[in-house]
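Here is the structure we will look at.
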Amino acid sequence: MGLGLWIRTGVLMAFLTGLLMAIGYVLGGGSESALLFAFMFAMVMNFFSYWYSDKIVLTWYRARIIERDEFPELYLIVESLAREAGIPTPRIAIVPTEVPNAFATGRSPKHAVVAVTQGLLRILNRDELEGVIAHELSHIRNRDTLIQTLAAVLAGAIIMLARWAGWIAWFGGFGGRDRDRGSNVLGALVIAILAPIAAILIQTAISRSREYLADETGAKISGKPWALASALEKIEYYVSRRPLKEGNPATAHMFIINPFRGVSFSELFSTHPPTQKRIERLRKIAEQMGMYF
């Protein structure tokens, strides 16, 4: 892992650790023991997130690792494009949903997984599927998957704690003096509102610029920018009309297109750049490569 990735990973884990500690401190009534417990909880979360985040995410989506003989064409596509990208062939997983989408996970290229949904395999032709796979392999080659997966697991924990804070505020806080109870309720209410926003902003900061880079890198790996553009258009169409009902919204930034909200109502809080802008950029790349569509 390069120094830059170590720094980005460390900053992310430190920030989320601080946020988890702040939430735990408020939920624990502001005591030193609550702060210590929150710190220990954050350390455990960081450990498991680093080593097992890929397995956690795959479990959330009931994704199943497949063998070559189960999906030989898909396996051949991944193997060929991974060789072109100069990375080890990642494991391949199938997500049992008809909502078309894909994501990559894993702490390094040697421990990577590319996951595609059943719906994606159903609606895309081979060229389009190659475009999507190349995009996901680009995330692996560009070392995005560690940050993305860490952020998903830790942001999921923050959102869960924020929901607890909301319940605490709803039921009037912890016991004790009225003044302390009032402070607890106010603190819990602030966390319930601000913590999910912080988690979304983290996802947004991580994802938007890296999606453009993965589009560009993927287009060069596959040599078919027009196919990726076509695939994005199809996925956007289906997802905007039939968003994913199951899963964890904290993972939205990991997918090639946000599967939970479809067309975003606000670019500010979108985990992905607007799909139309991505398509336009891919068309320009195609023109630069002497391709027109």
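Just a few scattered comments:
- Filtered by the rule that a residue be modelled with pLDDT of 90 or more and over 21 Å from I279 (Cα atoms), segment 120-156 gives R122, I140, R141.
- Answer residue from segment 224-256, given it is of a type in the set (V, I, T) and more than 23 Å from I285 (Cα to Cα) and is surrounded by the most Cβ atoms within 10 Å (Cβ to Cβ) among those: T251
- Selection status of S266, among the polar types (S, T, N, Q), modelled with pLDDT under 90 and farther than 19 Å from E233 by Cβ: yes
- Among (1) surrounded by fewer than 20 Cβ atoms within 10 Å (Cβ to Cβ); (2) under 18 Å from W226 (Cβ atoms) - the single one G131 does not satisfy: (1)
- Considering residues of segment 56-78 that are out of contact with any helix residue (DSSP H, G or I) (no Cβ under 9 Å at 6 or more places or on another chain) and surrounded by 15 or more Cβ atoms within 10 Å (Cβ to Cβ) only, the residue nearest to I221 (Cα to Cα): Y75
- Cross-chain or 6+ apart pairs with Cβ under 9 Å, segment 91-120 first and outside the structural domain of I235 (by TED's automatic domain parsing), then part of a loop (DSSP other than H, G, I, E, B) and buried (at least 20 other Cβ atoms within 10 Å of the Cβ): none
- Search result, residues across segment 105-147 that are closer than 20 Å to E67 by Cα and polar (S, T, N, Q): T105, T117, Q118
The values are calculated or read from the model by the stated rules, or taken from the named source; none is laboratory data. Here the structure is a predicted model, which is why all the values come from computation and not from measurement. All Cβ positions, glycine included, derive from the backbone under ideal geometry; neighbour counts span all protein chains shown.
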